[in-house]
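Visitor: Take a look at the following structure, please.
The values are calculated or read from the model by the stated rules, or taken from the named source; none is laboratory data. Note that the structure is predicted; figures quoted are calculated from it, not measured. Positions of Cβ are generated from backbone atoms using ideal geometry, with glycine treated the same way; all protein chains shown enter the neighbour counts. Surface accessibility is based on the protein's heavy atoms, side chains included, excluding ligands, DNA and RNA. Shrake-Rupley method; radii C 1.70, N 1.55, O 1.52, S 1.80 Å.
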Protein chains: 2
Amino acid sequence: MARPSAVAQRRREILEATCEVVAERGFRDLRIADVAKVAGYSTGTVHYYFDSKEDLLKDAFRFQYDQSLGRRDGHFEEDDDPVARLRKLADGYLPISAAAVRSWRVWLEFWVSAVGDRSLGEVNEVYYGDWRQTVIETTKAGIDLGLIAVGDPVAFADAFVGMLDGLAIQVLIGSKHMTVERMQATCNAFIDSVAIR
Amino acid sequence: MARPSAVAQRRREILEATCEVVAERGFRDLRIADVAKVAGYSTGTVHYYFDSKEDLLKDAFRFQYDQSLGRRDGHFEEDDDPVARLRKLADGYLPISAAAVRSWRVWLEFWVSAVGDRSLGEVNEVYYGDWRQTVIETTKAGIDLGLIAVGDPVAFADAFVGMLDGLAIQVLIGSKHMTVERMQATCNAFIDSVAIR
DNA sequence: AACATTTCTGACTATAGCGTCAATTAAGGT
DNA sequence: ACCTTAATTGACGCTATAGTCAGAAATGTT
């Protein structure tokens, strides 16, 4: 071996740049040339590490999901009760920080591309299922502790995650009706309506 | 005048075809050639009625919105009470019929394109604002009649429309967790939680 | 029929961008 | 110092497609 492999590092750099460009220009408008520019390499280098644009995009989604997972779990405190955890989950997903906005944009692009693309749908199944499960379990824990009053925790969790997604879209579009503040208020009102105080 | 104008009719045909193609291929992957083929004309004809691809897409969104407005209002009965109306609104938006699925796909594509495109955002502002207002007013009517118990009708309406959007996305992707049936059940559970029986 | 006007066509131009590749540079190893 | 392999470059080939345009066809009017 003549040199130590820089493959893992380079791939990370390029995936990072790809997420940046997806958030800015979208999935389908993404140009390899933009990714190369942001990463600080030539287009040839991007193709050296990724066979095709499609490969690059799929890997970029996985990369970005793993990153936001880390952000999410970092928000919890050991002694948060389930209601506090629901609030933190909602807060953590507000498209308020640059990183959160970027994540949302990448997700949105991903979802739209996943409509009618079976293989992307399977990636969503795993990652979205995981997130949904977190909310379901937090809700159940709240019920067990007598802090949350809902008939069906799964229906509540589905409504909750669905609401977050729908509201985030309008925030991202820049709707005057749905600002980040209104989204937060709406989420809190939603949690308040089932929290036993 | 040498001939009666066929402009309105042709534009409708072409917009219809455009929605078809957007639902199939997406906003950005749409090719004028595909629209022409579906409409049964040449690419030149599409350009004869629409100056640019962007114009075509904007008009197509408006067209499809007006169509689904018609579908929505057709669902109401004169004597429906507000709670029944909310249920019908949710039912009418379930991505179950081919027409509803197509509408949702067009919306999704449009929203994603509107992220970071100010002029598309303004179109959304008008149409989405109208839809949101319908839900707000229906909720207020329910409160006035003592049929709905919510603290803040606007927060409730925002949560409701947001939930619909978020759930629909997962249904469209084909998630095993979120089928049309589950979406309907989730919506009904949500309405039940505020309906005074 | 002759004409005017609208509608329609499809070839053509121009441009954009993916992926290839031959050449170059960087960085060990011996 | 020299060799070997990895990494990188950027020009280029190729394909796709938006939009133009000159003319042809259709459809009325007189």
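Visitor: Take the alpha carbon atoms of segment A:1-65, find their radius of gyration, then divide it by 2.2 N^0.38 Å using N residues; give the quotient.
Guide: 1.06
Visitor: In addition: Could you pull out every residue, at least 5 positions away or on a different chain, whose amide H is within less than 5 Å of the one on A:Ile148? Hs are placed 1.01 Å off N in the peptide plane, and Pro or chain starts have none.
Guide: Sorted by chain and number, the residues that satisfy this are A:Ile143, A:Ile196.
Visitor: As a test of the formula, what do you get for the protein assembly as shown when each DSSP H run with n ≥ 4 contributes -39,500 (n - 2.57) and the sum is divided by the residue count, at 222 nm and rounded to the nearest 500 deg cm²/dmol?
Guide: Estimated from H runs of four or more residues: -25000 deg cm²/dmol.
Visitor: Distances from A:Arg11 to the same position in the other copies: list them in nm, one decimal, shortest first, using label points 7 Å from Cα along Cα→Cβ.
Guide: From this label point to the equivalent ones elsewhere in the assembly: 5.2 nm.
Visitor: Still on this structure: Measuring from a point 7 Å out along Cα→Cβ, what nm distances, shortest first, does A:Thr179 have to its partners in the other copies?
Guide: 4.3
Visitor: Compute the acute angle (0 to 90°) between the alpha-carbon long axis of helix A:153-173 and the principal axis of greatest extent of the alpha-carbon atoms of chain A; round to the nearest 10°.
Guide: Helix A:153-173 and the main axis of chain A meet at about 50 degrees.
Visitor: Compute the long axis of helix A:118-144 from its Cα atoms, compare it with the longest principal axis of the Cα atoms of chain A, and write down the angle in degrees, 0 to 90, nearest 10.
Guide: Its long axis makes an angle of about 30 degrees.
Visitor: Something else about it: Just to confirm a number: summing +1 for Lys and Arg and -1 for Asp and Glu over residues other than A:Gly92 whose beta-carbon lies under 9 angstrom from that of A:Gly92, what do you get?
Guide: On the way: positive: A:Arg71, A:Arg72, A:Lys88; negative: A:Asp91.
Residues near A:Gly92 contribute +2 overall.
Visitor: Please compute the modelled spin-label separation between A:Ser52 and A:Gln133, points set 7 Å along Cα→Cβ, answer in nm with one decimal.
Guide: Here the answer is 3.1 nm between the modelled labels.
Visitor: With each pseudo-label sitting 7 Å past Cα toward Cβ, what's the B:Asn188-A:Arg71 distance in nm, one decimal?
Guide: Label-label distance for B:Asn188 and A:Arg71, simple model: 3.8 nm.
Visitor: Give me the lysines in straight-line cross-link reach of A:Lys140: C-alpha distance below 24 Å, same-chain residues under 8 apart excluded.
Guide: Filter leaves A:Lys88, B:Lys176.
Visitor: Okay, next question. Of the accessible area of chain B, with the probe set at 1.4 angstrom, what percent is carbon plus sulfur?
Guide: That fraction is 51 percent.
Visitor: With contacts defined as alpha carbon pairs under 8 Å and 6 or more residues apart, what's the relative contact order of segment A:1-65 in percent?
Guide: With pairs under 8 Å counted, the relative contact order is 39 percent.
Visitor: To the nearest 100 Å², how much accessible surface do chains A and B hide from each other in total, with a 1.4 Å probe?
Guide: Adding both sides of the contact gives about 3300 Å².
Visitor: For segment A:76-197, what Kirkwood radius comes out of the mean inverse Cα-Cα distance, in Å?
Guide: Taking the inverse mean of 1/r over all distinct Cα pairs, segment A:76-197 comes out at 15.3 Å.
Visitor: At a Förster radius of 56 Å, what calculated FRET efficiency corresponds to the Cβ-Cβ distance of B:Ala8 and A:Asp91, to the nearest 0.05?
Guide: Values: r = 50 Å, r/R0 = 0.89.
The pair B:Ala8/A:Asp91 has a calculated efficiency of 0.65.
Visitor: On a 0 to 90 degree scale, rounded to 10, what angle separates helix A:82-93 from the longest Cα axis of chain A?
Guide: Rounded to the nearest ten degrees, it is 30.
Visitor: For segment B:7-192, what does the accessible surface come to per residue with a 1.4 Å probe? Please give it in Å².
Guide: For segment B:7-192, the per-residue accessible area is 42 Å².
Visitor: From a point 7 Å beyond the Cα of A:Asp80 in the direction of its Cβ, which residues of segment A:110-145 have a backbone N at a distance under 18 Å?
Guide: A:130-145
Visitor: Cα centroid distance between segment B:153-197 and segment B:99-124, in Å?
Guide: Here the answer is 20 Å between Cα centres.
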